[in-house]
Amino acid sequence: MHVNTKGRRATAVTAVMAAGTLALGGCGADKSSGPAGSGASRSGTSGTTSAKVNADPSITAVIRGLEDPFLQMMKQGVDDQARVAGVPVTVRAAESAAGAKGRAAKPNGLAERSSSCFVVNPTSGTELIQDLAKISASGRTIVNIDSPVDVVMAGAAKVKLATYIGTDNAEAGRTAGQRMAELLPSGGDVAVIAGDAGDVTSDARIEGFRQGIGTGLKVVQTVGAKWKRQTALTAATDAMRAHPNLVGFFVVNDDMGLGVARAVANAGKTGRVKVISVDGAKDALKAVKEGSLDGTVAQYPYVMGLMGVEACQADAKGKMLPFEVRAPIRMVTKENAGKALASMPKPFDAYEDPFRDLAK
């Protein structure tokens, strides 16, 4: 999940499968997601979601807002797959996720819609629970993408989730850490620019980064910048003053990463102090291509939306769905930034899609 310039964007951490239970990881837009085994389950342990088989599903997709390019790309993925497959899809979304929280991502009468499958990307993990409980009780299918439904509340409400599709934030952090270690083989001190204190997306990316850098690099400071570019610029400026020997910054999202890159440029250290962030936003890809940003770990909301529709197609055919699917991530460097820009909103190379064949 994504955090835009107006606030948090979250990315879902890996869902955990335990004893036939689908447990969903937390994300920056929902800090209350429950632990593995907390009760949000799918119907059956083998993966089938419904005894009823429909050749042509009707789908409602709930997207938490459309002001953010990340969410616009998610909707594009939904729309493109629906058009290719010839299946009817209605998208319910707000113009602004931040301004209409509780109204936008929880449209009135959601459970009363006649759709056979619902692809949901909620603003928080709890706001759709009542509607999802009614949908689940009626035997219809729920596919959760990007921002995870709270598993504790879902379990208590007997919500059955067919599958979860989202970014593995820890893996994104590890990928960034490994790249930082490659760029700085002599080691040295690095700083981390986090989001909000206690944000699960930020924490997962940072933990992954620490794992990825190995022993050659040392994290000497971690500071939160509230997901804001200007705040990150100030934080990075202060960090370089406090630690004049810094050789790199890991930044948990691109908007802040661009602020850090500006701080590094202001200090005359572009190229000497490496900056790697996460998201793959267009402006960040351009900055990588130009050399002001040393890399970004791209995630692909377009693929999440596309896979969500494919999952509904597969379910309608009576296919067994995987419990959890990791959406692709790619390390974008100066060498491949041009390809990444040209292929947006899709990945610039092949990626695993377990729903593709199931949907046929």
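Here the label points at K360 and K134, each 7 Å from Cα along the C-beta direction, are separated by 3.9 nm in the simple model.
Take the eigenvalues of the Cα gyration tensor for the stretch 293-360, scale each by 5, and report the square roots as semi-axes in whole Å, largest first.
29, 10, 8
For the stretch 228-317, compute Rh as the Kirkwood radius over C-alpha pairs and then the Stokes-Einstein diffusion coefficient at 10 °C and 1.306 mPa s; write the answer in µm²/s, rounded to an integer. Don't skip to the answer; put the middle values down first.
Details: Rh = 14.1 Å.
Using the Kirkwood radius from Cα pairs, D works out to 113 µm²/s.
Full extension of the chain between L183 and V223 yields a length gain of 12.2 nm, computed as 0.36 nm times the residue separation minus the alpha carbon distance.
Heavy-atom accessible surface of the stretch 140-197, averaged per residue, reaches 28 Å², computed with a 1.4 Å probe. Relative intensity of the stretch 137-241 on a log10 scale, I(q)/I(0) at q = 0.16, 0.18 Å⁻¹, equals -0.80, -0.92, per a Debye sum over C-alpha point scatterers of equal strength in the absence of solvent. The HN-Hα couplings worked out from phi for the stretch 279-295 by the Karplus form 6.51 cos²θ - 1.76 cosθ + 1.60 (θ = phi - 60°) are 2, x, 5, 4, 5, 5, 4, 5, 5, 5, 4, 7, x, 7, 10, 8, x Hz, whole numbers, x standing for Gly and Pro. Projected label points at A242 and E207, each 7 Å from Cα along the beta carbon direction, are separated by 2.3 nanometres. Distance between Cα centroids, the stretch 172-198 to the stretch 257-328: provide it in whole Å. Using only Cα atoms, the two centres lie 16 Å from each other.
The accessible surface of the stretch 90-242, taken with every protein chain in place and a 1.4 Å probe, is 48 percent carbon and sulfur.
Net length available on complete extension from A197 to A350 is 51.5 nm, with 0.36 nm assigned per residue and the Cα-Cα distance removed.
Probe of 1.4 angstrom, ligands and nucleic acids ignored: what's the accessible area per residue over the stretch 286-350, in square angstrom?
Per residue, the stretch 286-350 has an accessible area of 35 Å².
The packing ranking, built from the mean of other Cβ atoms within 10 Å per residue, places the peptides 147-157, 81-91 in the order 147-157, 81-91, highest first.
Given R0 = 25 Å, the distance between the Cβ atoms of Q230 and E290 translates into a calculated FRET efficiency of 0.75. What's the long-distance tail for the stretch 160-312, i.e. % of Cα pairs beyond 23 Å? Within the stretch 160-312, distances greater than 23 Å cover 32 percent of Cα pairs. Close amide-amide hydrogen proximity is noted between D279 and V297, A298, Q299, each under 5 Å apart and 5 or more residues distant or on a separate chain (H modeled in the peptide plane; Pro and chain starts excluded).
The radius of gyration of the Cα set in the stretch 121-199, together with its Dmax, comes out at 18.6, 60 angstrom.
The values are calculated or read from the model by the stated rules, or taken from the named source; none is laboratory data. Note that the coordinates shown come from a computational prediction; the quantities given were computed from them, not determined experimentally. All Cβ positions, glycine included, derive from the backbone under ideal geometry; neighbour counts span all protein chains shown. Just so you know, the surface numbers come from the protein's heavy atoms only, side chains and all, with ligands and any DNA or RNA stripped out. Shrake-Rupley method; radii C 1.70, N 1.55, O 1.52, S 1.80 Å.
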